[in-house]
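Participant: A single structure is presented below for examination.
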Amino acid sequence: MELNSIDIESIVKQVISEVSGDKGQEVKGIDRVSSPVVPKRAKVAMLTEKRKIEVKEFEIPDISDDEMLIKVEGCGICGTDVHEYKNDPFSLIPVVLGHEGTGEIVKIGKNINQDTVGNSIGIGDKIVTCTIPCGECHNCLTMSDRDNLCENSGIYGLIADDDKKFNGWFSEYLIIRKGSTYFKVNDMDLKTRMLIEPAAVAVHAVERAKSTGLLSFNSNVIIQGCGPIGLMVMAVVRTMGVENIIAVDGDINRLEMAKKLGAKHTVNFRHYKDNEQLKLRIKEITKVGADFAFQCTGVPQAAANIWGFVKRGGGLCEVGFFVDNGNCSINPHFDMCNKEITAVGSWVYKVSDYPITLDFLRRAKGINLPVNDLITHEYPLDELNEAMDTNMKQTGIKIAYVNK
Ligand SMILES: [Zn+2]
Ligand SMILES: [Zn+2]
């Protein structure tokens, strides 16, 4: 009975596709239930103790009607992964990390036929995952348009080991559970897809900045900190049409990259003996100070200093502290009150920032910003300890696991 109805469904689909000429979709329609290429067992890179990732092999469990199995193609390594790798602050060990991943659907439950924004999906489609707001906490119930502030938000790559086993993108396969958020991204190459998650962090920060009403085409914008997030913020601001971008960092290679991603001026803070000298240099470039500043380092002193770079009536977005790196002090009179600065904090991204991010990445490519150059190192699954080391040494920019 069941089989008959599937047969009828595929025959109907075939007829429709022949009429509409949509052959590609028909192939997916027939193959939706299972794929012959999936092995019985697969490997994961599991953090089993602090600073120790071990490759382990498990049987891939059957998926339910509300789940998908993804063949992982690659996943960027995030500062959060390194933080967990070094100290396990989230008490997740044993855990398969990796939340900036992308891959191909190889099995799909019969209840799934579209992504979070309604694009049809099926076997063979490339996807990325986003956060999973709980929908039940006070913030979800009272501020549903700010789901980044959910108190219990989940994300693949920060789910402790359980019977599913394939919970993070540092793996050969990933199981996507019921209630997840995911987006079809077939038109993007692998590198671009691995950059979607950090790009979403940058897009959200810029959306927060725009909410102050202080960003326009002719704004002088300072971006302090040229790590992956700072450089991505730069690319977003440049793609929006802002030309007067000043990048501040202490690393020559990162400042070179900043130039490629849209900075008009680069300032190496190591060339100035103290913050007053640095402030003078910023003033020299901007005349009165920056209209807007993005703080993208995790250094408390830098977070304090940046207030001095902003002009009277200007704005500031703090996006550098996804972990607690300590306190800093500002002078509330000079830095904030007297200049009437509008400051915003930025936390991760909303699910609704993902479609904006996809458009940003397409547009960045359209104006020839070499965003993919942010990925400087790629490692296979069994070299993730080395990948973490490279990340900690900060010799590259974005380090990624690639499943070749
Ligand atoms: Zn991340
Ligand atoms: Zn919630």
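The values are calculated or read from the model by the stated rules, or taken from the named source; none is laboratory data. Keep in mind it's a predicted model, so treat the numbers as computed, not measured. FYI the Cβ positions are ideal-geometry reconstructions off the backbone, even for glycines, and counts take in every protein chain you see.
Participant: Looking at Ile330, Ile282, can you tell me which residue is in a loop (DSSP other than H, G, I, E, B) and in contact with a Phe, Trp or Tyr (Cβ under 8 Å, 6 or more places away or on another chain)?
Facilitator: Exactly one of Ile330, Ile282 is in a loop (DSSP other than H, G, I, E, B) and in contact with a Phe, Trp or Tyr (Cβ under 8 Å, 6 or more places away or on another chain), namely Ile330.
Participant: Has the range 171-188 got any residue that is more than 14 Å from the chain's Cα centre (by Cα), among the aromatic types (Phe, Trp, Tyr) and assigned by TED's automatic domain parsing to the domain that holds Cys130?
Facilitator: yes
Participant: Would you point out which residue out of Val221, Val201, Val206, Val237 is over 18 Å from Leu358 (Cα atoms) and outside any loop (DSSP other than H, G, I, E, B)?
Facilitator: Within the list Val221, Val201, Val206, Val237, the selection yields Val221.
Participant: Let me spell it out: the conditions are (1) closer than 30 Å to Thr390 by Cα; (2) in contact with a helix residue (DSSP H, G or I) (Cβ under 8 Å, 6 or more places away or on another chain); (3) more than 16 Å from ligand 1 (Cβ to nearest atom), and Gly76 meets all of them except one. Which number is the exception?
Facilitator: Result: Gly76 passes all but (3).
Participant: Here's another thing I want to ask about it. Test of understanding: among Val242, Val248, Val237, which residue is of a type in the set (Val, Ile, Thr), buried (at least 24 other Cβ atoms within 10 Å of the Cβ) and more than 24 Å from Asp274 (Cα to Cα)?
Facilitator: Val237
Yes or no, residue by residue, for (1) under 22 Å from the mean Cα position of the chain (by Cα); (2) free of Cβ contacts under 8 Å to residues at least 24 places away in the same chain; (3) more than 10 Å from ligand 2 (Cβ to nearest atom):
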site: Asn113; (1), (2), (3): no, yes, yes
site: Gly124; (1), (2), (3): no, no, yes
site: Pro133; (1), (2), (3): yes, no, no
site: Cys150; (1), (2), (3): yes, yes, no
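Participant: Checking Trp169 against (1) at pLDDT 95 or above; (2) within 16 Å of ligand 2 (Cβ to nearest atom); (3) in contact with a Gly (Cβ under 9 Å, 6 or more places away or on another chain), which test does it fail?
Facilitator: With (1) at pLDDT 95 or above; (2) within 16 Å of ligand 2 (Cβ to nearest atom); (3) in contact with a Gly (Cβ under 9 Å, 6 or more places away or on another chain) applied to Trp169, the lone miss is (2).
Participant: Which residue out of Ala343, Ala293 is touching a helix residue (DSSP H, G or I) at 6+ places or on another chain (Cβ under 6 Å) and either assigned to a loop (DSSP other than H, G, I, E, B) or farther than 26 Å from Asp81 by Cβ (or both)?
Facilitator: When all the criteria are applied, what remains is Ala293.
Participant: Let me ask something else about it. So, in the range 133-149, of the ones that are surrounded by fewer than 17 Cβ atoms within 10 Å (Cβ to Cβ) and closer than 14 Å to Ser180 by Cα, which residue ends up farthest from ligand 1 (Cβ to nearest atom)?
Facilitator: Top of the filtered list is Gly135.
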